[in-house]
Amino acid sequence: MLTHPGFDPVAIHVTETFGVHWYGLMYVVGFVAFLLLGKYRARKPGSVITPDQVDDILFYGALGVVLGGRLGYIFFYKFADFLANPAMVLRIWEGGMSFHGGLIGVVVASILLARKFGLPLLKVSDFVAPLVPLGLGAGRIGNFINVELWGRPTDVPWAMVFPTVDDIPRHASQLYQAALEGVALFVVLWLFSSKPRPMGAISGLFLIGYSIARIVVEFYRLPDAHLGYIAFGWLTQGQILSVPMFLLGVALMWWGYRKHPVSATSH
């Protein structure tokens, strides 16, 4: 059995009341990884995105992630608390970001960028999709450091006790998500996108891969106390929100391979 190290959620204490939080630094890690990998991909022959355009994608995408992620969390998971205290929407450093909300924000940003670049939306999203997972993984590490979104009780040898929660051994579901949504999904998408693919196929695979990873991990993650299980004693809000993602991903891949030939500019 393991014990959570009990990290200080504040990485750098600037004053007694202000500091740089690990959770925020994880977002910086994700954005830097996006920028470096994006410029690398943009320099490859046949790229529909230029290295300079990656800067615009990062700016718009960061706004979409932060605004969409926070608003999604509020509306999907904490709407009643928001009505009682609207100022909570600004306290991003405390955690509380929704991937599904962030995805909506990124889609809106991609629509704006597609119009700005004069490209089809799916061309932009196919470029962006492989750059996202490492940021997702970093965010889950932030959840682990903050001791939030912990797992269900278990007796597996790698179970972890979170002393600030209780003394019950639990799944370290934050690390499971970091491994699946972050590392594994990145490897799959990076390899898949290394060869020309039909328009929409890379975006579709991202949606499929993330939704499967999220649905699986939700069986090991404890749902938010105020929501609990939605039905059957196991169905969670995260799983419900992931089902439309999976179906959309399948539809995109089917549409891409059936309707669009593979071209040298698909990656």
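The values are calculated or read from the model by the stated rules, or taken from the named source; none is laboratory data. Small disclaimer: the values here were computed from a predicted structure and weren't measured. Ideal geometry is used to build each Cβ from the backbone, glycine not excepted, and the neighbour counts take in all protein chains shown. Protein only, heavy atoms only, side chains kept; ligands, DNA and RNA dropped before computing areas. Shrake-Rupley method; radii C 1.70, N 1.55, O 1.52, S 1.80 Å.
Observations
- Residue match in region 142-157 (condition: under 15 Å from the mean Cα position of the chain (by Cα), open to solvent by 10 Å² or more (accessible area, probe 1.4 Å) and of a type in the set (A, V, I, L, M, F, W, C)): yes
- Reported count of residues in region 146-184, each being aliphatic (A, V, I, L, M), outside any helix (DSSP H, G or I) and in contact (Cβ under 8 Å) with a residue 40 or more places away in the chain, is 6.
- All positions within region 91-109 that are open to solvent by less than 10 Å² (accessible area, probe 1.4 Å) and modelled with pLDDT of 90 or more: 109
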